[in-house]
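The values are calculated or read from the model by the stated rules, or taken from the named source; none is laboratory data. Owing to the predicted nature of the structure, the values given are computational and were not obtained by experimental measurement. Cβ sites come from the backbone with ideal geometry, for glycine too, and all protein chains shown count toward neighbours. When the accessible area is computed, the model is the full protein with side chains, heavy atoms only, and any ligands, DNA or RNA have been set aside. Shrake-Rupley method; radii C 1.70, N 1.55, O 1.52, S 1.80 Å.
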Amino acid sequence: MDRWLWAVRLTKTRSDAAAACRGGHVRVNDKPAKPATTVVPGDEVRLRVGGVTKVFDVVRVIQKRVGAPDAVTCYVDRTPKPPPEAMIPVARRDRGAGRPTKRERRVLDAFRSQQEP
């Protein structure tokens with residue numbers, strides 16, 4: 001399992017793939033997968049990366065890492081599309097920008113007063 005995840009470029013390193021398996025972030029056919037779990041064509045692989053669960057169907061099993069165009073042919077990505085983001089604008093400041101100036105605070109206050117019903 002860890003070798004296949006690494007070979008088809010779903011993880012950067014093989015040790016990352018093994019850690020994901022040991023951490024319970026990889027499931028094969030709805031069963032938790034260990035790094036040594038074998039995959040065959042037709043298996044469904046669920047990989048949780050960054051809080052998002054990705055779903056793949058295994059088309060071809062490879063042992064060695066290949067280029068990205070070849071790796072894409074080894075699986076079918078069935079990950080559901082994320083829900084559309086809220087269309088309401090949100091007032092956010094850049095991280096590390098410090099406290100708002102007096103002018104910026106007035107603009108933010110005006111924006112917030114427009115948003116309240």
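Annotations for the structure displayed:
- Cα-based shape type of segment 19-65, given that a ≥ b ≥ c are square roots of the gyration tensor eigenvalues and the cut on a/c is 1.5: prolate
- Surface exposure of segment 1-77, expressed per residue as accessible area with a 1.4 Å probe, stands at 58 Å².
- Ligands, DNA and RNA left out, the 1.4 Å accessible surface of the chain is 53% carbon and sulfur atoms.
- Applying both filters, DSSP loop and at most 13 other Cβ atoms within 10 Å, to the GluC sites (Glu not before Pro) of segment 5-114 gives Glu85.
- Candidates Ala71, Ala20, Ala97, ranked by Gaussian network fluctuation over the chain, Cα under 10 Å, top entry: Ala97
- Using distinct alpha-carbon pairs, which all enter the 1/r mean, Kirkwood radius of segment 1-111 in Å: 16.6 Å
- Candidates per trypsin sites (Lys or Arg not before Pro) in segment 1-42, loop by DSSP, up to 14 other Cβ within 10 Å: Lys12
- Computed [θ] at 222 nm, helices only, for the chain once each DSSP H run of length n ≥ 4 contributes -39500 (n - 2.57): -7500 deg cm²/dmol
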